[in-house]
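Notes follow once the structure below has been shown.
Computed from the coordinates by the stated procedures, all read-outs in this text should not be read as laboratory data. Quick caveat, the model's predicted, so the values are computed rather than measured. Cβ coordinates were reconstructed from backbone atoms using ideal geometry, including for glycine residues, and neighbour counts include every protein chain displayed.
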Amino acid sequence: MSQISDRLLSLSESATLAMTQKSRDLQAQGFDIINLSIGEPDFNTPEHVKEAAIKAIQNNQTHYPPVPGYPELRKAIVARMKNALGLDYKPEQVVVSAGGKHSLVNVILATINRGDEVVLPAPYWVTYTEQVKLAEGKSVIVKTGIEQDFKMTAAQLEAAITDKTRMLILCSPSNPTGSMYSREELESLAAVLRKHPQVLVLSDEIYDMISYGQKHVSMAQMDGMQDRTIVANGMSKGYAMTGWRMGYICAPLDIAKAVNKLQGQMTSGISTITQAASIAALTGSDEPSRKMTAEFKKRRDIVKALLDAIPGLKVNLPAGAFYFFPNVEAFLGKKAGDKVIANSSDLAMYLLTEGHVATVAGSAFGAEGYIRLSYATSEEKLREAIRRIAEALANLK
Ligand code: PLP
């Protein structure tokens, strides 16, 4: 008899990690696979950040840190929030955790009760629904399509809110679509939320540094919203620090305290070495991040032109992050030999096994009829990958 909890049995595995694993397996068998399923920058952590970490080890910064993070680190985050968004926080409102994922699950576990509803615009990042399940909450999915640039409207939000709604999760710039909410769009959502004071906003801003001209705006900047918005961010994407595992929240004080309590019983404070590195990243030059973003923008423009040239694909122009989320409905129902490509999972599998390009099916993000392509890889590989995709799609009958 299995002793696995019902809580765990209800959880799905991460589709993006599964696809990355599948493409690694095929690579290990000798296939030349181009992996566009990856969710991390193909850049290394900046030198000054690595040096700070080495120094921390040499200085024996190797003892237990405070649960929510070193005061110096929390102060650096407070300064960043002021600089980037003009928002005032106290260090006590900041909690540092082991990656953005950890920050998000902490907030959800600290605020959501069994049966509480969480409004989630789709396409959504794969992990949100599973974290809501862990808290025994219920995700209420609001579908958005490419024709609305994958952004939820005020009317859609209004229609989704019930007396059980306790949270809205927003992600801008978005994984998987790259879309960004403008100030006006956030203001119109805030106008709805003001009528429903029981609804918190969990605003995942982990891609805030990776935007291509459109200014990043946060729900916490909207009138009256800072007191009910938890901003989640981290070092992974903007500073190319995925392996260091650092995420943080800036939250209303009671929520920060609750998260601190939870973390004190689960993981305690994160690695001291990572904290030293993060202080260096947050207080040092942003130049490496800006260079990386400039490179992503160049690739975005190349990939957009190449995808636009594929008949049948519908493609948006992502304003940030490093993903495209093309609509592939024109190819569903077609055949590869005898096999019908019935949905986005079949298509992603076909592109992997026949085209040798790894993508992720839109269904993983609550959006059937789409696939996600990451452009966090070299221009040369991107060009070859899209050539292969075009060829594979043209072979469907
Ligand atoms: N939020 C979004 C939208 C992401 O895409 C990711 C990583 O893929 C995270 C959060 C988590 O980041 P981390 O690697 O810091 O846990």
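Arrange Met225, Met235, Met152 by Cβ neighbour counts within 10 Å, fewest through most, would you? Walk me through the intermediate numbers first.
Details: Met225 19, Met235 25, Met152 22.
So the residues, fewest neighbours to most, are Met225, Met152, Met235.
Taking the Cβ of Lys314 as the center, what net charge do the other residues with Cβ under 15 Å away carry, scoring Lys and Arg +1 and Asp and Glu -1? Could you put the intermediate results ahead of the total?
Values: positive: Lys304, Arg372; negative: Glu147, Asp149, Asp308, Glu329, Glu368.
So the surrounding residues net to -3.
Work the Kirkwood hydrodynamic radius out for the stretch 253-397: mean of 1/r over every pair of different alpha-carbon atoms, inverted, in Å. Intermediate values should be presented prior to the final figure.
On the way: mean 1/r = 0.0556 Å⁻¹.
Evaluated on the stretch 253-397, it is 18.0 Å.
From Cα pairs below 8 angstrom and at least 6 apart in sequence, can you work out the relative contact order of the chain, rounded to a whole percent?
Numbers: 757 pairs, mean separation 90.1, N = 397.
After rounding, I find 23 percent.
Toward the positive end of the charge dipole of the chain, about the Cα centre and with charges on Cβ (Lys, Arg +1; Asp, Glu -1), which of Ala190, Leu104, Ala258 goes farthest?
Value: Ala258.
Using alpha-carbon pairs under 8 Å, 6+ residues apart, how would you state the relative contact order of the stretch 61-109 in percent? Each step should come with its number before you reach the end.
Working: 28 pairs, mean separation 16.6, N = 49.
Rounded, it is 34 percent for the stretch 61-109.
Which percent, to the nearest 5, of DSSP beta bridges fully inside the chain are antiparallel? All intermediate terms of the calculation are to be shown ahead of the outcome.
Numbers: 17 of 37 bridges.
Antiparallel: roughly 45 percent of the beta bridges in the chain.
With springs connecting C-alpha atoms under 10 Å apart, model the chain as a Gaussian network and identify which of Ala98, Ala358, Ala330 has the largest mean-square fluctuation.
Between Ala98, Ala358, Ala330, it is Ala330 that shows the largest mean-square fluctuation.
With no solvent and one point per C-alpha, what does the Debye sum give as log10 I(q)/I(0) for the chain at q = 0.08, 0.13, 0.14 Å⁻¹?
Debye intensities relative to I(0), on a log10 scale: -0.42, -1.13, -1.29.
Relative to the first principal axis of the alpha-carbon coordinates of the chain, what is the inclination of helix 287-308, with its axis defined by its Cα atoms, in degrees from 0 to 90 and to the nearest 10?
Roughly 30 degrees, rounded to the nearest 10.
With equal scatterers on the alpha carbons only and no solvent term, can you work out the Debye log10 of I(q)/I(0) for the stretch 47-283 at 0.10, 0.15 1/Å?
Summing over Cα pairs of the stretch 47-283 leads to -0.44, -0.99.
Hey, can you grab everything whose amide H is under 5 Å from the amide H of Val142? Only 5+ residues off in sequence or another chain; H modelled, so Pro and N-termini drop out.
Amide H to amide H, under 5 Å and 5 or more residues apart or across chains, Val142 pairs with Leu120, Ala122.
Which of Ala79, Ala28, Ala385 ends up with the largest GNM mean-square fluctuation for the chain, with Cα atoms connected below 10 Å?
Ala28
Net charge around Ile112, counting only other residues with Cβ within less than 12 Å of its Cβ (Lys, Arg = +1; Asp, Glu = -1)? Walk me through the numbers on the way to the answer.
On the way: positive: Arg114, Lys133, Lys138, Lys164, Arg166; negative: Asp116, Glu117, Glu136.
Charge balance near Ile112 sits at +2.
Could you please state, rounded to a whole Å, how far the C-alpha centre of the stretch 125-143 is from the C-alpha centre of the stretch 319-397?
Spelled out, the Cα-based centre of one part sits 25 Å from the other.
Arrange Arg388, Arg290 by Cβ neighbour counts within 10 Å, fewest through most, would you? Present the calculation step by step, with values, prior to reporting the outcome.
Working: Arg388 17, Arg290 12.
Lowest count first: Arg290, Arg388.
If one takes the longest principal axis of the Cα atoms in the chain, at what angle in degrees, from 0 to 90 and to the nearest 10, does the Cα axis of helix 379-394 lie?
Value to nearest ten degrees: 50.
Relative to the longest principal Cα axis of the chain, at what angle does helix 47-58 sit, 0 to 90 degrees, rounded to 10?
Long axis of 47-58 versus the principal axis of the chain: about 50 degrees.
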